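The values are calculated or read from the model by the stated rules, or taken from the named source; none is laboratory data. What you see is a predicted model, and the numbers here were worked out from it, not measured in a lab. As a convention, Cβ positions derive from the backbone with ideal geometry for all residues, glycine included, and neighbour counts pool all protein chains shown.
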Amino acid sequence: MLTSVAETDCLLGPLFESPSGAIAAPTVHDGRVYTVSKHGKVFCLDARKGGVIWSKDLEKQFGTESPRWGLAGSAVIVDGMVVLNSGTHGIALNRTDGSLVWQNGKGAAA
């Protein structure tokens, strides 16, 4: 399982300035891996095959701003949602298709 997800590094690698990749730990739930880059790129990956199921750009699609050090919080799965910290605010996406469920603000952390 981890081998196929690790192969997605070619998809995720260019999104990070750091060669170490994401700051946040990936979240694994029900056959899917949820990860967020420090620049607000969110991915839902198939844990078995490693393919991208859906992806979102929090800044471009939802108007959030990342703090200057980047996003570092891992996704939390609750009630069918992927809940994320985005700066000093929160955002919840539908875990199945990545659509917006709720959002409470858009500003960056100070």
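Within the range 52-67, is there a residue that is under 19 Å from Ala22 (Cα atoms), modelled with pLDDT under 90 and hydroxyl-bearing (Ser, Thr, Tyr)?
Yes; the residues of the range 52-67 include at least one that is under 19 Å from Ala22 (Cα atoms), modelled with pLDDT under 90 and hydroxyl-bearing (Ser, Thr, Tyr).
Are any of the residues in the range 75-91 in a loop (DSSP other than H, G, I, E, B) and within 11 Å of the chain's Cα centre (by Cα)?
Taking every residue of the range 75-91 in turn, at least one turns out to be in a loop (DSSP other than H, G, I, E, B) and within 11 Å of the chain's Cα centre (by Cα).
Residues of the range 58-110 being surrounded by 15 or more Cβ atoms within 10 Å (Cβ to Cβ) and at positive phi, which ones?
Within the range 58-110, Gly70, Gly87, Gly98 qualify.
When the range 23-41 is examined, which residues are found to be at pLDDT 95 or above and not in a loop (DSSP other than H, G, I, E, B)?
Hits for the range 23-41 are Thr27, Val28, His29, Arg32, Val33, Tyr34.
Of all residues in the range 42-58, which are under 12 Å from the mean Cα position of the chain (by Cα) and not in a strand (DSSP E or B)?
Leu58
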